[in-house]
1. Assigned by TED's automatic domain parsing to the domain that holds Ala266, farther than 24 Å from Ser261 by Cβ and either surrounded by fewer than 21 Cβ atoms within 10 Å (Cβ to Cβ) or more than 19 Å from the chain's Cα centre (by Cα) (or both) - does that describe any residue in region 107-114?
2. Could you please tell me which pairs satisfy a Cβ distance under 6 Å, a separation of 6+ or placement on different chains, a first residue in region 307-320 that is outside the structural domain of Gly83 (by TED's automatic domain parsing) and outside any helix (DSSP H, G or I), and a second residue that is at pLDDT 95 or above and of a type in the set (Gly, Ala, Ser)?
3. Which numbered condition in (1) within 28 Å of Glu22 (Cα to Cα); (2) more than 16 Å from ligand 2 (Cβ to nearest atom); (3) of a type outside the set (S, T, N, Q) is the only one that Gly103 fails?
4. For region 45-59: of the residues being under 18 Å from the mean Cα position of the chain (by Cα) and within 12 Å of ligand 1 (Cβ to nearest atom), which is surrounded by the most Cβ atoms within 10 Å (Cβ to Cβ)?
5. Do we have any residue at all in region 56-63 that's within 16 Å of ligand 2 (Cβ to nearest atom), in the same structural domain as Met355 (by TED's automatic domain parsing) and at pLDDT 95 or above?
6. Scan region 3-40 residue by residue and report those that are surrounded by fewer than 20 Cβ atoms within 10 Å (Cβ to Cβ), among the small types (Gly, Ala, Ser) and either touching a strand residue (DSSP E or B) at 6+ places or on another chain (Cβ under 6 Å) or within 20 Å of His122 (Cα to Cα) (or both).
7. Looking at the structure I just gave you, is Val123 in contact (Cβ under 8 Å) with a residue 12 or more places away in the chain, touching a strand residue (DSSP E or B) at 6+ places or on another chain (Cβ under 9 Å) and either buried (at least 22 other Cβ atoms within 10 Å of the Cβ) or not in a helix (DSSP H, G or I) (or both)?
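The values are calculated or read from the model by the stated rules, or taken from the named source; none is laboratory data. Computed from a predicted structure; not experimentally measured. Cβ sites come from the backbone with ideal geometry, for glycine too, and all protein chains shown count toward neighbours.
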Amino acid sequence: MALTRLTLSQFRNYESLRLDLESRPVVLTGANGAGKTNLLEAISMLAPGRGLRSAPFAELVRAGGGATSRQWGVAAELIGPQGETRLGTSWTDPEYSTGNGGGRQVKIDGVLQKSSGALSRHVRVTWLTPSMDRLFTGPAADRRRFLDRLVLSFDPDHGTRVQTFEKVMRERNRLLEQGSSNAAWLSGLEQQMAEAGIAIAAARSAAVNELAALLARTGKASESGHFPWVEISLEGELERQISELPAVEVEEKYRRMLAESRAQDAAAGRTLHGPHRSDLNVVHGPKGIAASYCSTGEQKALLVGIVLAHARVIRAAFEGFAPLLLLDEISAHLDENRRNGLFDELMELGAQAWMTGTDLSLFSALGDRAQYLAMDDGSVKRN
Ligand SMILES: Nc1ncnc2c1ncn2[C@@H]1O[C@H](COP(=O)(O)OP(=O)(O)O)[C@@H](O)[C@H]1O
Ligand SMILES: [Mg+2]
């Protein structure tokens, strides 16, 4: 997959920008605050979801654009599995909108789509950002989000499932907090939680199994050793049961567990059991130690390994088209060997990787395998 044109309007620090591109990887350089991450974020909006910063859409509107233009837009021409496609997404502040009510709009080849989910037939975007540097040492919630984003590309319905579960769980928590004794209502919610919960656990297990197998194969086979092979596994009650028992049984057990733990959950002010408590375990293969014990650079290398393996899975599912890869500040924490190893892997993958850095010299090993853009406060020059 490759973008051949990218257009931004009123997006973050960009008033308007148009880039014509080749399908080679792209290197973006510029000082802090030049707009490198903003540009990657704009590309991430071409996929369903909230993009690589998970920012509210309203935050993306360029500040200082005036009260009449509470709107941003990103459009692109893409070469992908469906041939050449024009993608467009925009957001209008509902309070300033005239007519259609505002919100997010998605167009594919000029045709307005019912939902942003339609984009996933055409484009896949994955990313690695500096905020993920703490993924292995930070809260489990971040790893779960990372995991669920991985799962999404195996199973496009996964996002809806997770949202449903969380919504129903919040409703049950609220009822319990109010001391409700409406057993029928609670049972109904718990039934929905059990159904969604088991589907979440099953989708996660399937995706992690597939990814783990690929990581083991490619990792151990790789002579280069730029990226250590990685062992990944799931830690979670439902995920463990799902590999041992028929799904209907796990669902029934979880439903009963919820019903029996109402008092406990009410006292705790939250639901103590379920897929929202699961975690992704990552182990440095050659060393056999948990990722959280690894050095910062080693952790980065493990993450890169997972992201590259994931990209290979997507490529296989997408008729040989690797996803767009957004690698923000990618050279930070990677030594020269690993950096050059990464460049080679990206070429092998055939991905249009978008890499940012403050210093052009970090990318010199790429030579003419990449195209180079220099950014300066909302404007871009080729060099
Ligand atoms: N909604 C917005 N409107 C205008 N400028 C913004 C908006 N959001 C962020 N910025 C500006 O964008 C700049 C940061 O851009 P960023 O892409 O993160 O820089 P970097 O090149 O370091 O990655 C900051 O100067 C910030 O003030
Ligand atoms: Mg940045």
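1. No, region 107-114 has no match at all.
2. Sorted first by the residue in region 307-320, then by its partner, the list stays empty.
3. Unmet condition: (1).
4. Narrowing region 45-59 to residues under 18 Å from the mean Cα position of the chain (by Cα): 45-57.
This time we only want the ones that are within 12 Å of ligand 1 (Cβ to nearest atom), so: 52-53, 55-57.
Numbers: Leu52: 23, Arg53: 17, Ala55: 12, Pro56: 9, Phe57: 17.
Result: Leu52.
5. Step one: of region 56-63, the residues within 16 Å of ligand 2 (Cβ to nearest atom) are 59-60.
Adding the requirement that they be in the same structural domain as Met355 (by TED's automatic domain parsing) leaves 59-60.
Pick out the ones that are also at pLDDT 95 or above and you get 59-60.
So far as region 56-63 goes, yes, one or more of its residues are within 16 Å of ligand 2 (Cβ to nearest atom), in the same structural domain as Met355 (by TED's automatic domain parsing) and at pLDDT 95 or above.
6. Ser9, Ser16, Ser23
7. yes
Conditions (1) on the phi > 0 side of the Ramachandran plot; (2) in a helix (DSSP H, G or I); (3) touching a residue at least 12 places away in the same chain (Cβ under 8 Å); (4) not charged (D, E, K, R), marked per residue:
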site	(1), (2), (3), (4)
Ala267	no, yes, no, yes
His276	no, yes, yes, yes
Val282	no, no, yes, yes
Lys287	no, no, yes, no
Ser292	no, yes, yes, yes
Lys300	no, yes, yes, no
